[in-house]
1. Taking region 301-315 only, how many residues are surrounded by 16 or more Cβ atoms within 10 Å (Cβ to Cβ) and without any contact (Cβ under 8 Å) to a residue 40 or more places away in the chain?
2. Which condition number does K354 fail, the rest of (1) of a type in the set (D, E, K, R); (2) open to solvent by 40 Å² or more (accessible area, probe 1.4 Å); (3) not in a helix (DSSP H, G or I) being met?
3. Just name the residue that is modelled with the lowest pLDDT out of those in region 236-258 that are open to solvent by less than 50 Å² (accessible area, probe 1.4 Å) and β-branched (V, I, T).
4. Is it fair to say E66 is assigned to a strand (DSSP E or B), open to solvent by 60 Å² or more (accessible area, probe 1.4 Å), modelled with pLDDT of 85 or more and out of contact with any Pro (no Cβ under 9 Å at 6 or more places or on another chain)?
5. Mind checking whether some residue in region 175-186 is polar (S, T, N, Q), in a helix (DSSP H, G or I) and open to solvent by 20 Å² or more (accessible area, probe 1.4 Å)?
6. Could you figure out which of (1) within 30 Å of S326 (Cα to Cα); (2) open to solvent by 80 Å² or more (accessible area, probe 1.4 Å); (3) modelled with pLDDT under 95 isn't true of S269?
7. Could you say which residue among V336, V377 is out of contact with any Cys (no Cβ under 7 Å at 6 or more places or on another chain), within 26 Å of P305 (Cα to Cα) and of a type in the set (V, I, T)?
8. Considering region 316-336 alone, what residues qualify as being over 17 Å from A358 (Cβ atoms) and open to solvent by less than 60 Å² (accessible area, probe 1.4 Å)?
Amino acid sequence: MVNAMDKIVVRFGAKRISFEERMAIERAKARLKQLESEPSISLMSVIKKQKKELQKIIKKDSKFKELPLREFLNLKFKDLSPIERKLQISLRFLHKQNQETPLFKQFPDRDEQLFIDCTTEAMMLAGGSFFGGMNMVVVGNKPMKEDDLVEILAHELKHAEQWISPEEKATFNNYQHHQISFLKEAQAYAAGKHARFLFEKRLYNFLENENPEIKVLLSLFGEEKGIDGLIESTSPKHIVDHLNSFFDKEEYVNTYKDTYDERHPILFSDKALTRIPSVFGIDKKDEVKVLNVLNKRVPKQARTPDNQFFQAVENQRFDKVEQLASAKNKDGSYFVSNEIFSQYLMCYCHDNLKLFNAMLNTGRVSGDDLKMVFMSVFHFSPDEEITPGSLLERQNIFDLAVAAKDKKGRFLISAEDIHDIIEFSEVMEGEKIKPLLEHANACLKKRTALVKKRKNEGNSPV
């Protein structure tokens, strides 16, 4: 029988580096490869300098070894570091188990080799991580027993097996992203527990059930059937039960829900999944049941204040945006955090009049906030199309911002500040936004004339 795990390559034999360092090195390698394949005579000096900088980054890489999994398993125990020994024990068990009763039937064919990398640390405090873009599993830096490592590896390798191509991902709406993501975690969670229980059985089957460690294990998972019962309950064939059991872990599930809401705010018009991608290996007889659980138990409403705000913006519910951003908690703090409020002002309000108006109506916008908005209003990214419609939208936002006042009737931003921003934008943006700059100068001139008139009448608003 073909063992799917045979295609894994193990990276080991070097001092561990952080994931951020690994990413920088891999990006440098990819960029250097691109430069070497596309030489340019006219920019040869520039490219030469770039290559030198990239090579500096690449030199920081540790001198690791790479071996196919079977060869790694045959290495002498004494030649390995403590973490590599535990990795060898854990992988030997999983490989043998996968030969007898597959935990992993098939890893997707990809351009990137599937690695288990022992030279890179997992992010933050994670026990392990799978990085889909690099097709790489890494394990945490904290001390772990073999049974922990077996569970972590099985969990992360299940994610490697579940990999969905970017083209297929692009067909999912945001609600479907949530559903797929929950299914991924439930299936990986069960795979990890299943592998751990198989490993625990091997360790403990010579002990009597009165052993205190067995009792703790059983009590943790609420089972009365012994180790064999635990193993059976986490078998891949019980996917519907896994899914329901996973959703019952409310606190655990909420952490994932909040992350998904932040990355993929759900449109209330989003339709649910109608099929399960083949990489999940779910039998046709179970597919409808799995879809029913996902439709029933994955909520569309965001949980946290900031995520509810994201969702209101995504759904263009600007009345809700204003309501949420104006609301305060009992302690007087705003329901939507200052960080998120400022982020949206700076990044999303420069070309969305309705959103900017809603934010302005909250009374939270300061003069410093408006400076950020103005800088964004006058800036178009290189790949952004400048049309009469986009210019008009920004002109209207500018008009609103110029006229904005505080509760005492004072302008939120001074004419001098506006003038400085316009001058800066004329230099930086130039001809491409000339109509917008002309409009801004005319608008500012009118405001200045109005202020002078009121001052002369002894009724200045500033």
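1. 4
2. Here K354 clears every test but (3).
3. Residue satisfying both the conditions and the ranking: I239.
4. Numbers: assigned to a strand (DSSP E or B): yes; open to solvent by 60 Å² or more (accessible area, probe 1.4 Å): yes; modelled with pLDDT of 85 or more: yes; out of contact with any Pro (no Cβ under 9 Å at 6 or more places or on another chain): yes.
Against the criterion (assigned to a strand (DSSP E or B), open to solvent by 60 Å² or more (accessible area, probe 1.4 Å), modelled with pLDDT of 85 or more and out of contact with any Pro (no Cβ under 9 Å at 6 or more places or on another chain)), E66 qualifies.
5. yes
6. (3)
7. Among V336, V377, only V336 is out of contact with any Cys (no Cβ under 7 Å at 6 or more places or on another chain), within 26 Å of P305 (Cα to Cα) and of a type in the set (V, I, T).
8. G332, S333
The values are calculated or read from the model by the stated rules, or taken from the named source; none is laboratory data. Just so you know, these numbers come straight off a predicted model, no measurement behind them. Quick reminder, even Gly has a Cβ in these numbers, built from the backbone with ideal geometry, and neighbours come from all protein chains shown. Note: accessible area is taken over every heavy atom of the protein model, side chains too, but ligands, DNA and RNA are not part of it. Shrake-Rupley method; radii C 1.70, N 1.55, O 1.52, S 1.80 Å.
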